[in-house]
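The values are calculated or read from the model by the stated rules, or taken from the named source; none is laboratory data. Note that the structure is a prediction, hence the values are computed from the model and not measured. All Cβ positions, even for glycine, are placed from backbone atoms using ideal geometry, and neighbour counts span all protein chains on display.
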């Protein structure tokens, strides 16, 4: 008897994205915990967006060094952030995208 692709697959509960390994074997939850330690971090719809975490950005000193090295511009002032608004991943688990359960009759 020939097995079809669907028949040979095991059904396992899907891990949430926070539980799946994402970077160097670490889960999204581990990355978020590491990069938000010591700061008040809140996320749109309660869902973290790792692309908005501090580690997703280039080091400012490196960028300034490259600007000087390649004579791209003249840095005349800097802005030191005291906070930010993280956009979050609005396409994932957005409350307005969740369908309401059908009304029982």
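When the residues of the stretch 18-72 are filtered to those that are touching a strand residue (DSSP E or B) at 6+ places or on another chain (Cβ under 7 Å) and part of a loop (DSSP other than H, G, I, E, B), which remaining residue is modelled with the lowest pLDDT? In this case the residue turns out to be 18. With respect to (1) surrounded by fewer than 10 Cβ atoms within 10 Å (Cβ to Cβ); (2) modelled with pLDDT under 80, the lone exception for residue 84 is condition (1). Scanning the stretch 93-105 for residues that are modelled with pLDDT of 70 or more and part of a loop (DSSP other than H, G, I, E, B) returns 98, 99, 100, 101, 102, 103, 104, 105.
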